1. If the chain between Ile80 and Asp58 were fully stretched, how many nm would it gain, using 0.36 nm times the residue separation less the Cα-Cα distance?
2. What is the sum of charges around Glu23, taking Lys and Arg as +1, Asp and Glu as -1, for the other residues whose C-beta is under 12 Å from the C-beta of Glu23?
3. Just the ratio, please: alpha-carbon radius of gyration of the chain over 2.2 N^0.38 Å, N its number of residues.
4. Going by alpha carbons, how many degrees (0 to 90, nearest 10) lie between the helix axis of 56-65 and the longest principal axis of the chain?
5. What is the angle, in °, between the Cα long axis of helix 92-105 and the longest principal axis of the Cα atoms in the chain? Nearest 10 is fine, range 0 to 90.
6. Could you work out [θ]222 nm for the chain from helices alone, using -39500 (n - 2.57) per DSSP H run of at least four and dividing by all its residues? Round to the nearest 500 deg cm²/dmol.
7. Whose amide H sits under 5 Å from the amide H of Asp91, counting only residues 5 or more places off or on another chain, with H placed in the peptide plane?
8. Summing +1 for each Lys or Arg and -1 for each Asp or Glu, what net charge is found among the other residues whose Cβ lies under 12 Å from the Cβ of Arg7?
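Please treat every number below as a calculation from the coordinates, not as lab data. Since the model is a prediction, treat every value here as computed from it, not as a measurement. Here the Cβ positions follow ideal geometry from the backbone for every residue, glycine too, while neighbour counts run over all protein chains shown.
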Amino acid sequence: MQDQKDRRESLFRELAAEFIAAEANMPPMITVTAVRLGADFGHATIFVTVYPEESEGDALNFLKRKGSEFRGFVKNRGNIKVIPFFDFKVDLGDKHRRDLDSLTLD
């Protein structure tokens with residue numbers, strides 16, 4: 001079961017990156033960092049980083065507006081029966097790591 005979950009998370013991460021690259025024809029730069037699939041496979045959270053950070057709000061609004069289109073994209077490209085509902089969030093763990101790295105470099 002864990003292996004299937006890992007494969008789906010990897011697939012969704014690749015598809016999200018591909019979808020964002022095709023749809024986000026504007027700055028900021030949005031990078032998919034991780035996907036966490038719920039235990040029932042009915043919900044997935046896609047974590048992203050945004051550069052510049054000041055654009056995080058706009059980027060999240062864009063991604064949430066495109067959520068249903070992304071689901072359709074996954075349905076057409078993913079070759080899986082059950083398509084989860086997707087949520088997009090800023091990867092705070094990555095953000096905190098960058099903050100710590102900047103402190104250690106000073």
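1. Numbers: separation 22, 0.36 × 22 = 7.92 nm, distance 3.05 nm.
Answer, rounded to one decimal: 4.9 nm.
2. Details: positive: Arg65, Lys66; negative: Glu18, Glu69.
With Lys, Arg at +1 and Asp, Glu at -1, the neighbours total 0.
3. On the way: Rg = 14.6 Å, N = 106, 2.2 N^0.38 = 12.9 Å.
Relative to the rule-of-thumb radius for its length, the chain sits at 1.13.
4. It works out to around 10 degrees.
5. 30 degrees
6. Working: 4 runs with 58 residues, N = 106.
That calculation yields -18000 deg cm²/dmol at 222 nm.
7. Excluding prolines and chain starts, which carry no amide H, the hits are Val48, Thr49.
8. -1
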